[in-house]
Amino acid sequence: MHPRKIIIDTDPGQDDAVAILLALASPEDVEVLGITCVAGNVPLPLTTKNARIVCELAGRPDMPVYAGCDRPLDRDLVTAEHVHGKTGLDGPSLPDPVMPLAQGHAVDFIIDQLRTYAPGTITLCPLGPLTNIATALQKAPDIAARIAKIVLMGGGYFEGGNITPTAEFNIYVDPQAADIVFKCGAPIVVMPLDVTHKALVTAERNNAFRALGTPAGIAVAQMTDFFERFDKEKYGSNGAPLHDPCVTAYMIRPDLFTGRHINVEIETQSELTMGMTVADWWGVTDRAPNATFMGAIDADGFFTLLTERLARL
Ligand code: RIB
Ligand code: CA
């Protein structure tokens, strides 16, 4: 059944931007019903601005972009300017958006869309903290059974964490929201650091983006030029991990990824391990599986797909 209807929930962020561009370049695979923004990498006013910048870069000023939650459910907002720059989209110099924000709150848009379409029609694609998704589930518990799938970027097991030794940023920012989402009963696919750290934008791959010579290709290369410095310095890796595009790539080519259907629970009590995704990869507990947790990616296939689709914009 193509194209699949999706809602992208996001905190742009350079990697979110690439994920959105990939989706908007793939209308035969995904129909983006709307983009909902959340506070994460940078505060909400910037994530809503950046989402619109990206939509206009993709030639889609018609795409409804909604503002959502400006802080986590229970905790203070933690942002990541040290990774993404003060604008959240440092690297290219892109014009301020002309398109307005859509009227209404992101959470109400998510609820309304899930109630409008038949159960099992819409896939939610969260790319940031899960505050909007959890708030929608709290406000309208009936939507859980209507969600086709939640395909999210977050967590880590073999890779540990990237904002603390045990927690990945999206989950760490709002662990209570993640706990609600992972317990909601909807089918969940997780793109953890275990996979995204294998999707590295090497110089060769980034030059392929730049060689497209298009505004989108050049902008993506410039985003990576900026975004990669943090991870290369921290991990000594030979490129930036393209975290969020793993989510939209999965919607187009799920065969690029392999993982296990396991139990994943979220640490919400201990400050030491707050936000850890406790992934029972080896099946050592009797806790019921609730998520397909990805462990491997065909990185060359991923970048071939991404480059081909970016060339369309
Ligand atoms: O830990 C990586 C995740 O946190 C990505 O989604 C990145 O955009 C940030 O939101
Ligand atoms: Ca993100």
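The values are calculated or read from the model by the stated rules, or taken from the named source; none is laboratory data. As the structure is a computational prediction, the values presented were derived from the model and not from experiment. We place every Cβ from the backbone using ideal geometry, glycine too, and count neighbours over all the protein chains shown. We work out accessible area using only protein heavy atoms, side chains counted, and drop any ligands, DNA or RNA first. Shrake-Rupley method; radii C 1.70, N 1.55, O 1.52, S 1.80 Å.
Using θ = phi - 60° in the Karplus curve 6.51 cos²θ - 1.76 cosθ + 1.60, the 3J(HN,Hα) couplings for the range 201-217 round to 7, 5, 4, 4, 5, 5, 5, 5, 4, 4, 5, 4, x, 8, x, 5, x Hz; x is entered for Gly and Pro. For Thr36, the residues whose amide H sits under 5 Å from its own are Ile8, Asp9, Thr10, Tyr66, ignoring neighbours fewer than 5 places away on the same chain, with H placed 1.01 Å from N. Listed by chain and number, the lysines whose alpha-carbon sits under 28 Å from that of Lys49, ignoring those within fewer than 8 places in the same chain, are Lys5, Lys86, Lys139, Lys149, Lys232. Using Cβ point charges alone (K and R +1, D and E -1), the dipole size of the range 82-241 about the Cα centre works out to roughly 220 debye. Computed 3J(HN,Hα) for the range 218-225, one whole-Hz value per residue from the Karplus formula 6.51 cos²θ - 1.76 cosθ + 1.60 where θ = phi - 60°, is 5, 4, 4, 4, 6, 4, 5, 3, glycine and proline marked x. Running Debye on the range 145-281 with equal point scatterers at the Cα sites and no solvent, what base-10 log of I(q)/I(0) appears at q = 0.10, 0.15, 0.19 Å⁻¹? The Cα Debye sum returns log10 ratios of -0.37, -0.80, -1.13. Projecting the Cα positions of Trp282, Thr307, Gly239 onto the charge dipole of the range 182-313 (unit charges on Cβ atoms of Lys, Arg, Asp and Glu, taken about the Cα centre) puts Thr307 furthest along the positive direction.
In the context of the full set of protein chains, the chain has a per residue accessible area of 37 Å² (1.4 Å probe). Springs join every pair of Cα atoms under 10 Å in this Gaussian network model of the chain, and among Thr116, Thr273, Thr36 the largest mean-square fluctuation is at Thr116. Quick one: which residues, 5+ away or cross-chain, put their amide H under 5 Å from the amide H of Tyr157? H built at 1.01 Å from N. It is Leu193, Asp194, by chain and number. Amide H contacts under 5 Å for Arg4: Val30, Glu31, restricted to partners 5 or more places along the chain or on a different chain, H placed in the peptide plane at 1.01 Å from N. The portion of the accessible surface of the range 163-216 made up by carbon and sulfur, rounded to a whole percent, is 60 (1.4 Å probe; DNA, RNA and ligands excluded). For the chain, the fraction of C-alpha pairs farther apart than 24 angstrom is 46 percent. Between Gly213, Gly85, Gly59, the Gaussian network model of the chain with springs among Cα atoms under 10 angstrom shows the greatest mean-square fluctuation at Gly213.
Protection proxy ranking of 297-304, 180-187, by the mean of other Cβ atoms within 10 Å over each peptide's residues and highest first, is 180-187, 297-304. Can you tell me how the range 102-150 classifies by the Cα gyration tensor, rounded, prolate or oblate, using a/c under 1.5 as the rounded cut? Rounded. Charge dipole of the range 154-235 (Cα centre as origin; +1 on each Lys and Arg Cβ, -1 on each Asp and Glu Cβ, all else neutral): 180 debye, rounded to the nearest 20. Counting only Cβ charges, +1 for Lys and Arg and -1 for Asp and Glu, the dipole size of the chain around its Cα centre is about 500 debye. Within the range 1-92, all pairs of alpha-carbon atoms sorted by distance into 5 Å bins from zero give the percentages 3, 15, 25, 24, 16, 10, 5, 2, 0. The phi torsions of the range 232-242, fed into the Karplus equation with coefficients 6.51, -1.76 and 1.60 and a -60° offset, translate into couplings of 5, 6, 6, 9, x, 7, 9, x, 7, x, 8 Hz, rounded to whole numbers, with Gly and Pro shown as x.
Taking only protein heavy atoms and a 1.4 Å probe, the accessible area of the range 72-149 is 53% carbon and sulfur.
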